[in-house]
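The values are calculated or read from the model by the stated rules, or taken from the named source; none is laboratory data. Since we're looking at a predicted model, the values are computed, not measured. As a convention, Cβ positions derive from the backbone with ideal geometry for all residues, glycine included, and neighbour counts pool all protein chains shown.
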Amino acid sequence: MIVGSGDIAKVLHDREGALFFASGVSNSACESKDQYKREKDLLLSQPKNLCLFYFSTISIYLKNSAYTRHKTKMEALIRSNFNHYNIIRIGNITWGTNPNTFINYIREKKKAGEPYELLDEFRYVIDQDQLLTLTDNLPLKGQHELCVFGRMAKPKDLI
């Protein structure tokens, strides 16, 4: 079962016995408590007899924001409410149409000829094939947490 309709949900391969929860807050700049509550309530309403796949962020180790605090709380809820799960912490995805993802935001600014600032820093990015290799092969029993850094790239090299 796949819950969600965004960039991650659209590429996942459904697996018997798996619940892919790809219906979270997709904008890391979000400050809306209502959006965070919506994700929490939706997560807790899911069947507990399936193995939950939850997409978190490696940013929980890099930043202190409303988004990263929310993701940390969601991970704790998963640990206490689901017997079998895979918490997958990822960086920036390289595909999709969500204008709130880092790469798509910069792409749109560039395409529109609008100014944007790129810092001389590295970002962790994950390709669609990398994510699918994981989700297609992770076990459906047990409690697993993975940090998937993908590859390090400078934003100017991605755009």
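Against the list (1) within 26 Å of K37 (Cα to Cα); (2) among the β-branched types (V, I, T); (3) in contact with a helix residue (DSSP H, G or I) (Cβ under 6 Å, 6 or more places away or on another chain), the condition I78 fails is (3). The sole residue among I78, I60, I103, I8 that is touching a Pro at 6+ places or on another chain (Cβ under 8 Å), buried (at least 18 other Cβ atoms within 10 Å of the Cβ), of a type in the set (A, V, I, L, M) and part of a helix (DSSP H, G or I) is I103. Filtered by the rule that a residue be closer than 20 Å to Q143 by Cβ, of a type in the set (A, V, I, L, M) and out of contact with any Pro (no Cβ under 8 Å at 6 or more places or on another chain), the range 11-40 gives A18, A22. Just one residue in the set A18, A22 is of a type in the set (A, V, I, L, M) and either over 16 Å from the mean Cα position of the chain (by Cα) or modelled with pLDDT under 95 (or both); that residue is A18. Total residues in the range 117-154 satisfying the condition of being under 21 Å from Y85 (Cα atoms) and among the basic types (K, R): the figure is 1.
Rundown of residues vs (1) modelled with pLDDT of 95 or more; (2) under 16 Å from R123 (Cβ atoms); (3) under 16 Å from the mean Cα position of the chain (by Cα), yes/no style:
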| residue | (1), (2), (3) |
| --- | --- |
| Q35 | no, no, yes |
| K40 | yes, no, yes |
| P47 | yes, no, no |
| Y61 | no, yes, yes |
| N81 | yes, no, no |
| Y85 | yes, no, yes |
| I90 | yes, yes, yes |
| T94 | no, yes, yes |
